Amino acid sequence: MTGVTGSGAAGRAAAGGLTASASAGGPTASAAAGGPTASASAGGPTASAGTRDTPSPLVSAPVPAAALDRHRAAVAAVRGDYAKLTEQGGADGPVRLAKRASNLFRFRDSLPGRQRGLDGTGFSRVLHVDPAARIAVAGGMTTYEDLADATLRYGLMPLVVPQLKTITLGGAVTGLGIESTSLRNGLPHESVVEMEILTGDGRVVTAAPDGEHARLFRGFPNSYGTLGYALSLTIELEPVRPYVHLRHLPFGSAQECMRAVGQIAADGAVNGASADFVDGIAFGHDELYLTVGTFSDVAPWRSDYTGQQVYYQSVRRFRDDFLTTRDYLWRWDTDWFWCSRAFGLQNPAIRRMWPRRYRRSDIYRRLVAFDRRHGLTEQMDRARQVSPRETVIQDVEIPAEKGAEFLDFFLREIRMRPVWLCPLRLRSAEPWPLYPLAPGHVYVNFGFWGTVPLSPGQPGGHHNRLVEREVAALGGRKGLYSTAYYGEDEFWRQYNGQEYAELKRAYDPGGRLLGLYDKCVRGR
Ligand SMILES: Cc1cc2nc3c(=O)[nH]c(=O)nc-3n(C[C@H](O)[C@H](O)[C@H](O)COP(=O)(O)OP(=O)(O)OC[C@H]3O[C@@H](n4cnc5c(N)ncnc54)[C@H](O)[C@@H]3O)c2cc1C
């Protein structure tokens, strides 16, 4: 499996077979160009507010009868719940999804009063894996941990498996996941064949690359549950081997490292070894690594980073390493990249005492949420008269040729390290309207998660704002899973306000769900 494929998922997608209803037309305007690097995307067949309802559209892949019956019952139940939650114009406030775990980094107050979230538990199972067709059908709230386990059983995996175990399929598609296969396979939404969506106006529709709801299909990524909720998704899978051979390549400057990214993207290989996975770490201006992973049938040894050893530290120490494919997929989860150090987990004594089953990103995330809810760190800092700190937790995509410039800015102005590097290239030949990246272009995702001290007089958000401006100046995009500080006009220029408004009119004309700006910037 060499080379970097550039063909579009849309072309291959085997949609069809849906119980779709008739369309009554609707807005046809094409998407506005969303930013400096992307061209406009015409919306394709139109969505419509007047579309006749489809009672319970089925996914087109054959799903075993018992699983399908259970799924249908869950669809009927969620529609009823949604209607109840939104009747009287949602008097109790906006609808939220009730899930056991979340990987958002915008902490909101708990739901007020008697308000319940929309129960997504009926959609947290893998419905079917078809090894011959290499597709899986899964509920929208299925975690990647469960999904990967279900597919690895057949020697297959989703084309992109985000690193944190409790990220869900629907969350990664609507909130733009990424991983080290993204240079080869693009982003998670680019291997979706079709999605069953509960729309804001209470319908259940099936959106696919072609057909009546194609425009919703294209506009769903980066809509963060503001157009509707994905109840089930059919996705493509690819074959795996038992092991991954990792090669950690060191670089003495960001320029050198970014040049290597370009070369790997062009060749799809390094020194004859297929670049099945590519990501990296910047520890500083003059110490960077790219880790190139290659599927392997053999492993002279197997490392284990769920015990006393910490994966990101191994990148500095070894040039070669081997992991089972499953351990490779979750290599970042055990220590939440490096963020577990905030809990002392990289101190061997504390690590030994911390039960292995609790060395997981969702456990750390829960601890952070508890801290935020009760303001514990803030109170301690005040008592110790320590200067306040600003949380800077973001992932941004920068054109690879500007990557060194971004890193130079970041290490100088924000001074946080390490930084995660993950190259990507869209798989689709068309940009995705709400997160416009240029097809065929190589980007690098920079991920940074931590806090920085605020100097006297600096307002909260100062460093985040610097990042937002730099990303825009370099023709990049910022993911919206965390805090954002954009003014409204600037936000809509970045994220294609025109197309979003049309989708919102078509699928949630009554505004039963929050708007994207309210959710992602106002943090509602
Ligand atoms: C420290 C940190 C590091 C991260 N690193 C990575 C990374 O390396 N790779 C990566 O891929 N991602 C990463 N993420 C981001 C993560 O992928 C996104 O936050 C993603 O949206 C989380 O999905 P979730 O399933 O946990 O959804 P949630 O956190 O529950 O929800 C996220 C949003 O999506 C909406 N949503 C959830 N499910 C659905 C659905 N079925 N249909 C429609 N809308 C839905 C919710 O309403 C919400 O607005 C990181 C996040 C953090 C905090």
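A short reminder: the numbers here are calculations on the coordinates, not readings from a lab. Just so you know, these numbers come straight off a predicted model, no measurement behind them. Please note: Cβ atoms are built from the backbone with ideal geometry, for glycine as well, and neighbour counts cover all protein chains shown.
The table below gives the values:
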quantity: Shape call, the stretch 400-524: gyration tensor on alpha carbons, a/c limit 1.5; calculated: oblate
quantity: Proxy reagent accessibility, fewest Cβ within 10 Å first, across TRP336, TRP432; calculated: TRP336, TRP432
quantity: Two-site FRET efficiency, ASP489 against HIS462, from Cβ-Cβ distance with R₀ of 22 Å, rounded to 0.05; calculated: 0.60
quantity: Inter-probe distance in nm under a simple model that places probes 7 Å from Cα toward Cβ, at GLN379 and ALA83; calculated: 4.6
quantity: Relative contact order (percent, whole number), the stretch 387-485, Cα cutoff 8 Å, 6+ residue spacing; calculated: 46
quantity: The stretch 310-330-the stretch 482-524 distance, computed between alpha-carbon centres (Å); calculated: 39
quantity: Cβ-Cβ FRET estimate between GLU287 and PHE370, R0 fixed at 35 Å, reported to 0.05; calculated: 0.50
quantity: Extension gain, THR451 back to ASP69 (0.36 nm per residue minus Cα-Cα distance, nm); calculated: 132.8 nm
quantity: Approximate spin-label separation ALA473-GLU256, in nm, with each point projected 7 Å along Cα-to-Cβ; calculated: 2.7
quantity: Distant-in-sequence amide H partners of ARG389 (H built 1.01 Å from N, under 5 Å); calculated: LEU454
quantity: Shape category assigned to the stretch 147-258 from the gyration tensor of Cα positions, a/c cut at 1.5; calculated: prolate
quantity: The stretch 387-485, dipole about Cα centre (Lys/Arg Cβ +1, Asp/Glu Cβ -1), debye to the nearest 20; calculated: 140
quantity: Hypothetical label at GLN346: residues of the stretch 418-450 whose amide nitrogen lies under 13 Å (7 Å Cα-Cβ projection); calculated: 418-420, 449-450
quantity: Inter-probe distance in nm under a simple model that places probes 7 Å from Cα toward Cβ, at ASP320 and ALA501; calculated: 5.9
quantity: Shape of the stretch 244-383, Cα gyration tensor, a/c cut at 1.5; calculated: prolate
quantity: Ordering of 161-168, 511-518 by packing [mean C-beta count within 10 Å, highest first]; calculated: 161-168, 511-518
quantity: Residue-by-residue Karplus 3J(HN,Hα) for the stretch 196-209, coefficients 6.51, -1.76, 1.60, Hz, glycine and proline x; calculated: 9, 10, 7, 7, x, 8, x, 7, 10, 10, 10, 9, 9, x
quantity: Theoretical gain in end-to-end length, ALA133 to ASN271 [0.36 nm per residue, Cα-Cα removed]; calculated: 46.4 nm
quantity: Burial ordering of HIS71, HIS213, HIS128, fewest other beta-carbon atoms within 10 Å first; calculated: HIS128, HIS71, HIS213
quantity: The stretch 490-506 - phi-based ³J(HN,Hα) in whole Hz, Karplus 6.51/-1.76/1.60, Gly and Pro as x; calculated: 4, 4, 6, 5, 6, 10, 6, x, 5, 5, 4, 4, 5, 5, 5, 4, 6
quantity: Amide H contacts under 5 Å for VAL161, placed H, 5+ residues apart; calculated: THR181
